[in-house]
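I have placed the structure first, in the form of structure tokens, so that the comments after it can refer back to it.
The values are calculated or read from the model by the stated rules, or taken from the named source; none is laboratory data. Every value quoted in this text rests on a predicted model; they were computed, and no experiment measured them. When we count neighbours, we look across all protein chains shown, and the Cβ atoms used for this are built from the backbone with ideal geometry, even at glycine. Just so you know, the surface numbers come from the protein's heavy atoms only, side chains and all, with ligands and any DNA or RNA stripped out. Shrake-Rupley method; radii C 1.70, N 1.55, O 1.52, S 1.80 Å.
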Amino acid sequence: MGGASSASSAGRDSDAAFKQLLKKLARQDPWEVTVHWRETLSASDASRLADVLRTNAVVRRVWLSYTNLDAAGLKVILGALAVMPNLQELQLSNSNPVGPSGGAALAQFVQRSTTLEELELDCGGLELDGPSINAIMSSANGSRSVQTVKLCVTGSTFLDIVRMQLFALRESPVLKTLEIDRCDEDCLSAFPPFMRGNQSIKAMAFSANGLRIPKSVVLHSFLSVLATAISRATCLVLRHFGDGDALFQSLAEVLPKSLYFTELGIRYTVPS
């Protein structure tokens, strides 16, 4: 009984917050330049949000996460974003399962936009496949306005891209941040030849999510390429690598070769 009451109260709070958001957007207050929504959006909610965004000349950043948007909902919102005169940044992450159809719509939006400067996508949370990611990156690469793309892909998705020989990531002039989640030994092995020669990336993050990387030689080779072939990267974050000893030993040997790294983050990893 208490659980049902709590859920009902949370739903009312979310509805009230959404209505307040719509009122703020309708007023077009000059300081309300960011829309950051982290609750579920129904089809009706997506339509209502699109209606107020379509006439908004103030908002510059739209961040949507945990909204459970499907492809249809995303297309409705993209239709509004396409006519916003000052939209500069779009972030879609965490539980927005738009799938390949939504990915295709997103690629078209990026291709046609003349104001969008930064795009951040959680490809796993969006349930995008290799062709979707490739289409989006191709649109971003040819865009007249996009300057920065931040991608988070899962290890399995990244390997799918490699197997299909989609080189949009490697050749992209706008890809600045790449994060690979659930990065296992196969992913580590595939990454260096795929990214060798990239001139745009500034920051990288790799998360093993507790998966053990059994062959330290693979890890060492992977880090060596990062330190020498990725010529402009300045930030590297490594998370959840189970074999801490192998990681620390490889870093000690590899990092002195790098002329560019200024920031190193090692999180949730301890010596074995």
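Remarks
- By the rule of a C-alpha distance below 13 Å, with chain neighbours fewer than 8 residues away ignored, the aspartates and glutamates paired with residue 23 are 15, 32, 51.
- Farthest toward the positive end of the dipole of the chain, out of 94, 248, 105, is the Cα of 105, where the dipole comes from beta carbon charges about the Cα centre.
- Total charge dipole magnitude, the chain, about the Cα centre, Cβ charges on Lys, Arg, Asp, Glu only, Debye to nearest 20: 600
- The chain, accessible area per residue, ligands and nucleic acids excluded (1.4 Å, Å²): 46
- Modelled spin-label separation between residue 94 and residue 54, with each label point placed 7 Å from Cα along the Cα-to-Cβ direction: 3.0 nm.
- Remark: spin-label model distance residue 33-residue 255 equals 3.6 nm, labels positioned 7 Å along the Cα→Cβ axis.
- Global geometry of the stretch 1-139, whether rounded, prolate or oblate, following the gyration tensor of its Cα atoms and the 1.5 cut on a/c: oblate
- Considering only 77, 194, 135, the residue lying farthest towards the positive end of the dipole of the chain is 77, judged by Cα position with unit charges set on Cβ.
- Probe 1.4 Å, all protein chains present, accessible-area order of 220, 36, largest first: 36, 220
- Peptides 25-34, 108-117, 173-182 ranked from most to least packed give 173-182, 108-117, 25-34, packing being the mean of other C-beta atoms within 10 angstrom over each peptide's residues.
- Folded to 0 to 90 degrees: helix 2-27 orientation relative to the chain principal axis, Cα: 80
- Dividing the mean sequence gap of close Cα pairs (under 8 Å, 6+ apart) by how many residues the chain holds gives a relative contact order of 10 percent.
- Fraction of accessible area attributable to carbon and sulfur, the chain (%, probe 1.4 Å): 50
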